[in-house]
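Written below as structure tokens is the structure these notes are about.
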Amino acid sequence: MNYQHLIEKIYQEVKPSIGKGKVANYIPALERVDVNSFGFAMRTKSGEEYFVGEALKPFSTQSISKLLTLVLCLNNDDSVLENKVGLEPSGSAFNSLVQLEYENGIPRNPFINAGALVITDILLSQYTNPEDEILFFARELAQNHGINYNIEVRNSEKETGFRNAALVNFMKSYGNIHNDVERVLDCYFTQCSLEMSCLDLVRAFSFLANNGTHSNGQHILSYRQNKKVNSLLLTCGTYDAVGKFAYRVGLPAKSGVGGGIIAVIPNEMTLAVWSPGLDKSGNSVVGSLFLELFTTYTGKSIF
Ligand code: GLU
């Protein structure tokens, strides 16, 4: 298949939709991003790369960082997740507090904010400086030592992150957070400010399409762990719209309010798309559309 030709054709098809949706504005620094930005990259299991648009431009990964921290956590020891975080779709918004009270401070899954905050707390117990570990991990996986946090975005979220503060405090009251609340929030806001490009993302997460083995040969996850992560991406990776996303796109994926989506075609390739206009659930409008057309034209959804 001529992938370069195909992605250019899809780019032309989605162009009229670029600019639709709303840029996340609850984090003031994100509001300044141009809603007309667009990038796409893909990397096949054998290492071929194709891209279109602003695929090399770093953007705010936001919730995509939750995938990175989950993998880092599993990479250490997957038993640490037991009894601390669930494995079910949340059925509510990514920053919702309601379910936590019904379920005694145990978040539904590691990809909603509450679940990601628990993972950050676990990393804080495992490492003296998890911010550095997360950054080194991202750089090593993407083979790009220019990857960095955006301190302006971090500070902006810190000033307005009252809901995340409420989530951590609430879970702490149930004994599901072990480190200092301020320290957990600091680390979480920093990880969310990580900037990567579409190309960085497809390189970094190439192991998800290769049973846990990175294209440089490094074993990042076991086959079993990799299967679990991809399942979680399918059932919990795209906010409270996972059903619709699976219906339209049919791939394990993680989205972020920065407008990025990383998707996996197991045993074939990783795809990353960035377009900051979001739908009501927080998924990129054009990113979802691009991926939908990609799986439709290639016949490569997992279903
Ligand atoms: N930093 C964002 C928050 O906690 C991440 C949200 C997201 O991308 O889903 O609200």
Q: Give me the pairs, please: first residue somewhere in segment 8-25 and free of Cβ contacts under 8 Å to residues at least 60 places away in the same chain, second residue anywhere and open to solvent by 90 Å² or more (accessible area, probe 1.4 Å), beta-carbon distance under 7 Å, and either six or more positions apart or on two chains.
A: Asn25/Glu31
Q: Kindly indicate whether any position in segment 244-258 is touching a residue at least 60 places away in the same chain (Cβ under 8 Å), away from the ligand (no atom under 16 Å from the Cβ) and either out of contact with any Leu (no Cβ under 8 Å at 6 or more places or on another chain) or closer than 25 Å to Ala29 by Cβ (or both).
A: no
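Can you confirm whether Ser65 is in a loop (DSSP other than H, G, I, E, B) and open to solvent by less than 60 Å² (accessible area, probe 1.4 Å)? Outline the logic, then answer.
On the way: in a loop (DSSP other than H, G, I, E, B): no; open to solvent by less than 60 Å² (accessible area, probe 1.4 Å): yes.
So Ser65 does not fit the description; no.
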Q.
For segment 100-129, which positions are away from the ligand (no atom under 16 Å from the Cβ) and within 20 Å of Glu88 (Cα to Cα)?
A. Glu101, Tyr102, Glu103, Asn104, Gly105, Ile106, Ile122
Q: Could you look through segment 9-41, keep only residues that are touching a strand residue (DSSP E or B) at 6+ places or on another chain (Cβ under 6 Å) and over 25 Å from Ser156 (Cα atoms), and pick out the one that is farthest from the ligand (Cβ to nearest atom)?
A: Tyr11
Q) Inside segment 274-290, can you point out the residues that are over 15 Å from the mean Cα position of the chain (by Cα) and not charged (D, E, K, R)? A) Gly277, Val285, Val286, Leu289, Phe290
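The values are calculated or read from the model by the stated rules, or taken from the named source; none is laboratory data. If you're wondering where the values come from, they're calculated on a predicted model, not measured in any experiment. Ideal geometry is used to build each Cβ from the backbone, glycine not excepted, and the neighbour counts take in all protein chains shown. When the accessible area is computed, the model is the full protein with side chains, heavy atoms only, and any ligands, DNA or RNA have been set aside. Shrake-Rupley method; radii C 1.70, N 1.55, O 1.52, S 1.80 Å.
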